[in-house]
Amino acid sequence: MTRKLHIKTYGCQMNVYDSARMTDVLLPLGYQVTDHPDDADMVILNTCHIREKAAEKVYSELGRLNRTKQYRQDQGLDMILAVAGCVAQAEGDEILRRAPFVDLVFGPQTYHNLPEMIARTSRQGGTVLNTDFTVEAKFDHLPETTADSGALDGASAFLTVQEGCDKFCAFCVVPYTRGAEFSRRPAEILEEAHRLVDLGVKEVTLLGQNVNSYHGLSGDEHEWGLGRLIRATSEIAGVERIRYTTSYPADVDDALIAAHRDVEQLMPFLHLPVQSGSDRILKAMNRRHGADDYRALVERLRAARPDLALSSDFIVGFPGETDDDFKATMKLVEDIGFIQAYSFKYSPRPGTPAATLENQIDEALKGERLAILQESLNAQQLAFNKSCVGSVMPVLLDRLGRKAGQMVGRSPFMQPVHVTAPEELFGTIVGLCIEEGKANSLAGSLSEGDISSSRNPKQHKENAA
Ligand code: SAH
Ligand code: F3S
């Protein structure tokens, strides 16, 4: 009998990857993926705990799902309701208290045990709670990626290389929810990359909470850093594009910078969270880099890869942030020029050092600062998108658009590009003449010329110039 599975994913790309791997675990048990929770025999919420709003969303969704579950039960159908991810890890007991109708609560390091946990729920009733913390076991026991699991978003796929974080930024729950840093072995990662290419993948994004702290042990027990791993990935035939996320500025080393210089498939776009432009606040955040360190790092990266474009994360209203601190952040934004960014109001997270600091900032002031920052970041993004008009960009067409014949692809700089194109081009990299630059996306048309010549993103600058 086939049973239906619905997974709803919140938060970061690592959760997207994990949801796909949970699907890989469940397909052999006879589950089929459905987009509708109402038809599902099992619903998993893969949750995010990073900010308060993200965590609260889970409880309102659980309320809705409880009604669905009861409706199904009235019709004699069962539904296993499960909470996975970082909320499960951080507040398992709280979930049991606030949502006792949940059957299964399990943390990010336990996904390989799903079959056993499901069997336990049906045997014993009540809620099964599993917030075990050994990452190694998870990767050793997860089955191989399959085409059906949704691990693949068209021709682009995530590949987790590193998990967890030992940095303990004062505001952040990740070290508590994902645990200590763990790097997978290079051989295992490269094998997974091979498999992805065999499944039709052209773009691989190496994932980690702190991806450039990667230090995997190779067969001869040498440590590989991320730069070396990127080089090895680029040698796999069929890997046309490589990205990595998310990186920590203080851990960008010479080998990684050299990879940006030498590895043609490494895309000229880097998400490099800075959080603040004030040295005082960066210190209080325990970030291990100052604002000028960040400026100098960006300079070195741009020297290695002149067309490199940057995106970042910002937090406004960290405890003690003064007007001058905030001005320093605005100055950094102006100095660097980001083509895209995420910015957030500081959200105190239980258990983190910053949550208990006394000099918390008023919500209204956080809101004002966020609006000012976002105005500037949005203006930079729009200006960059507009500057692309007139150039030919290699775009990986990896999503179908809403209307027939429309597709959406990704530029080297991660901009979504809308185009009308024949279906057989889906999953390929095509040269697009960029005709329109909007706030969050570009629009283009198929370029008549030789697209192979525009495949090298390094040429984008020359084309545009
Ligand atoms: N190492 C990863 C994960 C960090 S979480 C990374 O750097 O992306 C993603 C972003 O969420 C962080 O960069 C930070 O800007 C934001 N964030 C984390 N904790 C936060 C908090 N307590 N309040 C507001 N924003 C937060
Ligand atoms: Fe969080 Fe800082 Fe690690 S933002 S994930 S503690 S690098």
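Listed values, structure above:
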item	result
Candidate set from the stretch 193-212 (those that are more than 12 Å from residue 229 (Cα to Cα) and small (Gly, Ala, Ser)); member that is farthest from ligand 2 (Cβ to nearest atom)	200
Matching residues, the stretch 161-178, being within 8 Å of ligand 2 (Cβ to nearest atom), open to solvent by 20 Å² or more (accessible area, probe 1.4 Å) and under 17 Å from residue 11 (Cα atoms)	171, 172, 174
Given (1) farther than 26 Å from residue 334 by Cα; (2) surrounded by fewer than 21 Cβ atoms within 10 Å (Cβ to Cβ); (3) aliphatic (A, V, I, L, M), number of the condition residue 407 does not satisfy	(2)
Unique residue being assigned to a helix (DSSP H, G or I) and of a type in the set (A, V, I, L, M) when the list is 129, 62, 77	62
Within the stretch 189-285, helices (runs of 4 or more DSSP H) holding 1 or more residues that are under 30 Å from residue 430 (Cα atoms) and open to solvent by less than 40 Å² (accessible area, probe 1.4 Å)	226-234, 254-262
Candidate set: the stretch 51-64, residues that are open to solvent by less than 50 Å² (accessible area, probe 1.4 Å) and touching a Ser or Thr at 6+ places or on another chain (Cβ under 8 Å); chosen: the one farthest from residue 318 (Cα to Cα)	58
Residues that are more than 29 Å from residue 411 (Cβ to Cβ) and of a type in the set (Asp, Glu), drawn from the stretch 156-179	166
Condition check for residue 72: free of Cβ contacts under 8 Å to residues at least 60 places away in the same chain, away from ligand 1 (no atom under 16 Å from the Cβ) and basic (Lys, Arg)	yes
Scope the stretch 109-141; condition touching a residue at least 40 places away in the same chain (Cβ under 8 Å), open to solvent by less than 20 Å² (accessible area, probe 1.4 Å) and in contact with a helix residue (DSSP H, G or I) (Cβ under 6 Å, 6 or more places away or on another chain); matching residues	109, 111, 114
Residue that is farthest from ligand 2 (Cβ to nearest atom), among those in the stretch 251-287 that are farther than 15 Å from residue 298 by Cα and of a type in the set (Asp, Glu)	264
Every residue from the stretch 296-349 that is away from ligand 1 (no atom under 16 Å from the Cβ) and either acidic (Asp, Glu) or part of a strand (DSSP E or B) (or both)	299, 307, 309, 323, 324, 334, 335
Pick from the stretch 288-325, criterion within 16 Å of ligand 2 (Cβ to nearest atom) and open to solvent by 10 Å² or more (accessible area, probe 1.4 Å), ranking: farthest from residue 261 (Cα to Cα)	315
Residue in the stretch 23-34 that is at positive phi and not in a strand (DSSP E or B) present	yes
Any chance residue 427 is small (Gly, Ala, Ser), in contact with an Asp or Glu (Cβ under 9 Å, 6 or more places away or on another chain) and either open to solvent by less than 50 Å² (accessible area, probe 1.4 Å) or over 30 Å from residue 198 (Cα atoms) (or both)	yes
Cross-chain or 6+ apart pairs with Cβ under 6 Å, the stretch 234-248 first and under 10 Å from residue 208 (Cβ atoms), then of a type in the set (A, V, I, L, M) and within 16 Å of ligand 1 (Cβ to nearest atom)	244/206; 244/211; 247/211; 247/272
Checklist (1) open to solvent by 30 Å² or more (accessible area, probe 1.4 Å); (2) in contact with a Leu (Cβ under 8 Å, 6 or more places away or on another chain); (3) under 21 Å from residue 17 (Cα atoms) applied to residue 96, failing item	(3)
Test: residue in the stretch 356-364 that is in a helix (DSSP H, G or I), of a type in the set (D, E, K, R), touching a residue at least 12 places away in the same chain (Cβ under 8 Å) and under 28 Å from residue 177 (Cα atoms)	yes
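A quick yes/no check of all residues on (1) more than 18 Å from residue 115 (Cβ to Cβ); (2) crowded, with 18+ Cβ neighbours inside 10 Å:
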| site | (1), (2) |
| --- | --- |
| 28 | no, no |
| 43 | no, yes |
| 46 | no, yes |
| 66 | yes, no |
| 86 | yes, yes |
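The values are calculated or read from the model by the stated rules, or taken from the named source; none is laboratory data. In this text the structure is predicted, and so the values were computed from the model without any measurement. Positions of Cβ are backbone-derived with ideal geometry, glycine not excepted, and every protein chain shown enters the neighbour counts. With ligands, DNA and RNA removed, areas are computed over all heavy atoms of the protein, side chains included. Shrake-Rupley method; radii C 1.70, N 1.55, O 1.52, S 1.80 Å.
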